[in-house]
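Below is one structure, written out as structure tokens, with a few remarks after it.
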Amino acid sequence: MTDHSSPSTLPTATRRNFRLSVLNGTIMMGAMSSVASPDLVMTAFAAYLTSNPLILGLIAPMQPATWSLPQLWMVNYMQRARRVLPIYRWTIVVRQIMWGVLIVVTLLSTDSTVLLAAVMAFTLVAGLASGVAGLPFIEVIGKVIPPRQRALVFGWRIALGSIVAVLGSQVVLFFTGPGSRFDFPTSYGLLFIVAAAMQFFGALAFVFIKEPDADPAIRHTRPSLGALRDIWRTDGNYRCYARGRTLFMLSSMAGGLVLIYGNQVLGVRLEMAGVYLLVGSILSPVFSVWAGRLSLRIGNRLPVAAGVLVQAISWALLLIASPLGIRDRAAEYYLILVYSITAIQKGLVFSNLMALGLNVTPEDEHALYIGALNTWIGIVALCTTLSGVIVEVISFQALFTLTTVLGVLGAWQFWAVQETTLEDT
């Protein structure tokens, strides 16, 4: 395989796969950053139904947890399969069924218990379906995109997805923002129709990628505790990357409670969710493309480390908001700053995080190395649901202190990673 520095110089088939991968991400990331955002839309929806931080703290962490947990169990099947895209196709069906259920319940019921049960069931089942699709998605990207181009793919996915999210945030404001003419919960039911359509067409784009057959001559390492223990003991880069992702996940546990903190402590209106989506959607494309292009010169390690550190700064800003007496209208403007910094973090980290993982693991063993780590990250993500417990038992300030420290430690671990697979092959 010959690696290249620009998508325009890639072979025709690779260019096509590059564009389909970007199109998939453009729509899917646009939806997840706006009309289907776990941190803002889903959490805000649930906040109309309950004020319990233990429940509200579950919604955002469940998305990465359910995405990650099933992946190790997929490795053995994927190692035997010629192609893995058929798995991805079936998950589209499951996710669309769950969207349908959520939409029907939201449009037909006004019972808060039924509505809350529906959104929690959707988060769990649709999330697990996405998790089953996650490792086949990563495997296909590893097959069809050359190593140097991977961060650029993820960068363009996030950048263009953020542009779509700008439009999506307008949809969120139209249906649920201040002055909306739609009553709750109908407003969210209509919004979920848009989210379901976007995710369907985004997933459909990925199905048209031309996936090459796996090489039947490759002898894969079978997943087992012994094999994983040997990998952990002998691969220092993998250890640093795994520690970095673990700490990053733990440091992200406050994400779903930022708006709740703003509402319950600082007096921020829940209707501001669409405004914060818009701010992040405008800023994220710039940093995503820049981070993807930067990776062509310096690799993926430094942008990821910088992004995790930036996230720690955003938690520190929240930590000092209440002592500074920032409340009400001033707090609404202050959270614009926080969500702006979060957009920078997302651009730096998510343009490079998965590409970094692909580049520090053996080309023939992506499924095992990344699948095992992702399942571990799913377990860690379940632990992040304790964010609501920390808030309930101690305080929001304790949560933001903890996540700030964890973010700094995570940045340090990513800094220690040594990328060794960026040379042209």
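What follows is calculated from the coordinates using simple rules that are stated; it is not laboratory data. This is a predicted model, so every value here is computed, not measured. Cβ atoms come from the backbone with ideal geometry, glycine included; neighbour counts cover every protein chain shown.
Structure notes:
- Values of log10 I(q)/I(0), in the order q = 0.19 Å⁻¹, for the range 312-422 under a Debye, Cα-only, solvent-free model: -1.15
- Residues Phe18, Phe400, sorted so that the one with the fewest Cβ neighbours within 10 Å comes first: Phe18, Phe400
- Taking Asp183, Asp364, Asp230 and counting other C-beta atoms within 10 Å, the order from fewest to most: Asp183, Asp230, Asp364
- Candidates Leu115, Ile193, Asn237 compared by Cα position along the dipole of the chain: farthest toward the positive end lies Asn237, with charges placed on Cβ.
- The value obtained for the range 290-354, namely the Cα convex hull volume divided by the number of residues, is 68 Å³ per residue.
- Dipole magnitude of the chain, debye to nearest 20 (Cβ charges: Lys/Arg +1, Asp/Glu -1, about Cα centre): 600 debye
- With kT/(6 pi eta Rh) evaluated at 10 °C and eta = 1.306 mPa s, and Rh the Kirkwood radius from Cα pairs, the chain diffuses with a coefficient of 73 µm²/s according to Stokes-Einstein.
- Taking the Cα centre of the range 279-425 as origin and assigning +1 to Lys and Arg Cβ atoms and -1 to Asp and Glu Cβ atoms, the resulting dipole is close to 540 debye.
- Burial ordering of Cys240, Cys383, fewest other beta-carbon atoms within 10 Å first: Cys383, Cys240
- Listed values for the range 299-304 are Karplus-derived 3J(HN,Hα) couplings in whole Hz (6.51 cos²θ - 1.76 cosθ + 1.60, θ = phi - 60°), namely x, 9, 5, 5, x, 5, and x replaces Gly and Pro.
- The angle between the Cα long axis of helix 396-415 and the longest principal axis of the Cα atoms of the chain comes to about 20 degrees, rounded to the nearest 10.
- With respect to the chain, whose longest principal axis is taken over its alpha-carbon atoms, helix 186-207 is tilted by about 10°.
- Charge-dipole axis of the range 153-267 as Lys and Arg at +1 and Asp and Glu at -1 on Cβ define it, positive-most pick from Ala227, Ala214, Gly161: Ala227
- Extent of the range 41-157 along its three principal axes (Cα atoms, max minus min coordinate, largest first): 49, 26, 23 Å.
- Cα pair distances exceeding 14 angstrom across the range 95-165, given as percent: 71 percent
- Which of Met42, Ala321, Val360, positive extreme of dipole for the chain (C-beta unit charges): Val360
- Gyration tensor over the Cα atoms of the range 23-104: the corresponding equivalent ellipsoid has semi-axes (square roots of 5 times the eigenvalues, largest first) of 29, 16, 12 Å.
- Relative contact order, percent, the range 90-229 [alpha-carbon distance under 8 Å, six or more residues apart]: 34 percent
- Whole-number D in µm²/s for the range 53-100 (Stokes-Einstein; Kirkwood sum over Cα pairs; 25 °C, 0.890 mPa s): 190 µm²/s
- For the chain, the longest principal axis of the alpha carbon atoms and the long axis of helix 273-298 meet at an angle near 20°.
- Cα-only Debye scattering, the range 226-375: base-10 log of I(q)/I(0) at q = 0.12, 0.21 Å⁻¹: -0.60, -1.23
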